[in-house]
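Worksheet: the structure to be examined is printed underneath.
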Amino acid sequence: MKQYLIIYLLAFGGFLVGTAEMMIAGILDLIADDFRIAVGLAGQSVTAYALVFAIGTPILIAASSRIERRTLLLIAYAVFIAGNIAAFASSSFGWFMLSRAVLAAGAGVIVVVSLTVGTRLAPPDRRGSAIGTVIMGFSLALVLGVPLGALIGDLSGWRTNFALLAALAFLLWIALWRLIPSSGADEPVPPGRQLSSLRDAKTVSGLLVTLFWIAGYQLVFTYLTPLLRTSAGIDTAMVSTALLVCGLFSVAGSRLGGYGADRWGTARTITFSLLTHAAALVVLPFASVSIIGALAVLAVWFGSAWTTTPAQQYYLVSISPGAADFVLSLNNSILQLGIAIGAAAGGLIAELSSVRQLGWAGAAAELLALLAAAYSFSRIARTAESPRL
């Protein structure tokens with residue numbers, strides 16, 4: 001019972017980390033006004049966060065391989081708390097940018113170690129569900145964290161968000177310090193051994209699944225609002241409703257992906273979710289001519305997209321047990337890279353053609369992810385020591 005409480009606390013931590021990253025979208029104008037800078041310049045804080053998260057996480061995880069995971073998680077939360085306090089107290093935009101870098105450094109390590117700690121705490125037949133529960137916290141940040149951050153920013157100022165995040169993270173730190181058992185010092189994994197995972201075809205192709213999956217997802221999601229307005233002619237209020245539907249089904253998908261990984265295996269869950277994801281993107285431009293059709297397809301799209309996430313994380317842990325933390329950190333870096341590629345490709349397609357063509361391009365990326373997954377699964381099948389797929 002204690003193990004499941006810890007897993008849900010890790011999910012709450014995921015909610016805090018996800019909110020700290022994504023709520024900027026709702027308070028960006030407030031930050032720009034406070035520092036008397038252009039909104040475009042304020043938006044570079046998002047870029048700084050993503051770069052530190054993507055580049056710094058694998059480096060920090062590799063460098064901290066000798067630190068016991070419980071201790072590392074507590075250190076990462078301390079850094080996260082410090083970053084929030086620094087953001088709250090920022091006297092200039094330069095200091096705010098620095099606080100975002102500190103936040104990203106702590107958040108990147110928290111994401112990776114939370115997944116590995118959650119996996120270790122759960123019974124072998126419930127590890128996929130444990131990962132799904134932790135990831136559900138990040139999904140909830142999209143549903144609750146972003147709108148709450150915008151509301152709090154309007155009522156009490158944008159700095160209040162960071163003060164609340166620091167306070168909640170401190171309470172969580174105390175709970176995790178008291179509840180997470182010490183597993184003893186982990187066996188040090190030399191950097192060379194960690195890097196050797198990049199010479200493993202099944203691991204590299206597994207990481208390519210993440211790249212193509214998130215690129216196809218982001219390619220359409222970035223331009224979802226103009227797509228819905230162009231196709232269905234819906235207003236801002238209905239767009240908000242559509243985004244709420246997306247958030248709710250992303251939470252449901254996270255739970256389904258973890259359950260599916262345990263019940264049906266990671267290969268079947270990933271294959272099913274990617275196929276459903278691709279089909280939804282193909283149908284989206286046609287279904288979005290009506291509000292009901294758009295909402296129905298969005299539900300399927302987000303549910304399937306987020307079903308992939310825990311199953312994919314569990315798969316990567318299964319095929320690289322000796323360097324799971326390092327591979328998960330690379331996976332998170334590739335997520336950031338895929339987001340950037342997808343957004344850029346979507347903008348190019350929208351400029352040269354039409355937002356209505358984005359669904360086809362996104363579906364093509366999902367099929368590339370499926371091909372990469374099939375290759376990775378085939379490499380597993382050829383080895384004598386294969387994880388449960």
Only one of Ala363, Ala343 that is closer than 20 Å to Ala278 by Cα and at pLDDT 90 or above: Ala363
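From Arg178, Arg120, Arg127, grab the single residue that is in contact (Cβ under 8 Å) with a residue 12 or more places away in the chain and surrounded by fewer than 19 Cβ atoms within 10 Å (Cβ to Cβ).
Details: Arg178 fails: in contact (Cβ under 8 Å) with a residue 12 or more places away in the chain; Arg127 fails: surrounded by fewer than 19 Cβ atoms within 10 Å (Cβ to Cβ).
None of the other options fit; the residue is Arg120.
Sort out which residues of segment 1-58 are small (Gly, Ala, Ser) and either touching a Gly at 6+ places or on another chain (Cβ under 8 Å) or closer than 14 Å to Gly108 by Cα (or both), and write them in order of number.
Taking segment 1-58 first, the residues small (Gly, Ala, Ser) are 11, 13-14, 18, 20, 25-26, 32, 38, 40, 42-43, 45, 48, 50, 54, 56.
Hits for segment 1-58 are Ala11, Gly13, Gly14, Gly18, Ala20, Gly26, Ala48, Ala50, Ala54, Gly56.
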Top-ranked residue of segment 58-75 - restricted to ones that are touching a Phe, Trp or Tyr at 6+ places or on another chain (Cβ under 8 Å) and at pLDDT below 85, ranked as farthest from Pro181 (Cα to Cα): Ala62
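One line per residue, one yes/no per condition, for (1) small (Gly, Ala, Ser); (2) farther than 21 Å from Val134 by Cβ:
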position	(1), (2)
Phe212	no, yes
Leu219	no, yes
Thr222	no, yes
Arg229	no, yes
Met238	no, yes
Phe249	no, no
Ser304	yes, no
Thr307	no, no
Answer from Ala340, Ala344, Ala365 - the residue that is surrounded by fewer than 23 Cβ atoms within 10 Å (Cβ to Cβ) and either farther than 23 Å from Phe138 by Cα or in contact with a Gly (Cβ under 7 Å, 6 or more places away or on another chain) (or both): Ala344
Residues that are of a type in the set (Gly, Ala, Ser), modelled with pLDDT under 85 and farther than 24 Å from Ala324 by Cβ, drawn from segment 195-232: Ser231, Ala232
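On the given criteria, is Gly106 open to solvent by less than 10 Å² (accessible area, probe 1.4 Å), assigned to a helix (DSSP H, G or I) and at pLDDT 90 or above?
So Gly106 passes the test.
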Residue selected from segment 284-293 under the condition open to solvent by less than 10 Å² (accessible area, probe 1.4 Å) and assigned to a helix (DSSP H, G or I), by the criterion nearest to Leu367 (Cα to Cα): Leu284
Set Leu228, Leu224, Leu281, Leu256: member being open to solvent by less than 50 Å² (accessible area, probe 1.4 Å) and in contact with a Gly (Cβ under 8 Å, 6 or more places away or on another chain): Leu281
When residues of segment 294-303 are limited to those that are open to solvent by 10 Å² or more (accessible area, probe 1.4 Å) and small (Gly, Ala, Ser), the one nearest to Arg255 (Cα to Cα): Gly303
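Kindly indicate the residue of segment 25-40 that is at pLDDT 85 or above and part of a helix (DSSP H, G or I) and also most open to solvent (accessible area, probe 1.4 Å) among those meeting that condition. Please lay out each step first, then the result.
As a first pass, look at segment 25-40 and keep what is at pLDDT 85 or above: 27, 30-38.
Keeping just the survivors that are part of a helix (DSSP H, G or I) gives 27, 30-35.
Details: Ile27: 0, Leu30: 46, Ile31: 1, Ala32: 2, Asp33: 110, Asp34: 70, Phe35: 32 Å².
Among those residues, the one meeting the criterion is Asp33.
Taking the stated definitions as given, is Thr19 within 28 Å of Gly94 (Cβ to Cβ) and open to solvent by 50 Å² or more (accessible area, probe 1.4 Å)? Let's see the steps before the verdict.
Values: within 28 Å of Gly94 (Cβ to Cβ): yes; open to solvent by 50 Å² or more (accessible area, probe 1.4 Å): no.
Taking the combined requirement at face value, the residue does not satisfy it.
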Pairs where the first residue, in segment 97-112, is polar (S, T, N, Q) and the second is surrounded by fewer than 24 Cβ atoms within 10 Å (Cβ to Cβ) and outside any helix (DSSP H, G or I), C-beta under 9 Å, 6+ apart: Ser99/Ser90
Index of the failed condition, Thr271 passing every other in (1) open to solvent by 20 Å² or more (accessible area, probe 1.4 Å); (2) in contact with a helix residue (DSSP H, G or I) (Cβ under 6 Å, 6 or more places away or on another chain): (2)
Count of residues meeting criterion [surrounded by fewer than 18 Cβ atoms within 10 Å (Cβ to Cβ) and of a type in the set (Val, Ile, Thr)] in segment 53-66: 2
Filter result for Val143 (open to solvent by 10 Å² or more (accessible area, probe 1.4 Å), among the aliphatic types (A, V, I, L, M) and within 28 Å of Val317 (Cβ to Cβ)): yes
Candidate set: segment 87-103, residues that are open to solvent by less than 40 Å² (accessible area, probe 1.4 Å), in a helix (DSSP H, G or I) and small (Gly, Ala, Ser); chosen: the one farthest from Leu168 (Cα to Cα): Ala101
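The values are calculated or read from the model by the stated rules, or taken from the named source; none is laboratory data. The structure presented is a predicted model; accordingly, all values stated were derived computationally and were not measured. Note that we place each Cβ from the backbone using ideal geometry, even for glycine, and neighbour counts take in every protein chain shown. The area values use the complete protein model at the heavy-atom level, side chains included, leaving out ligands, DNA and RNA. Shrake-Rupley method; radii C 1.70, N 1.55, O 1.52, S 1.80 Å.
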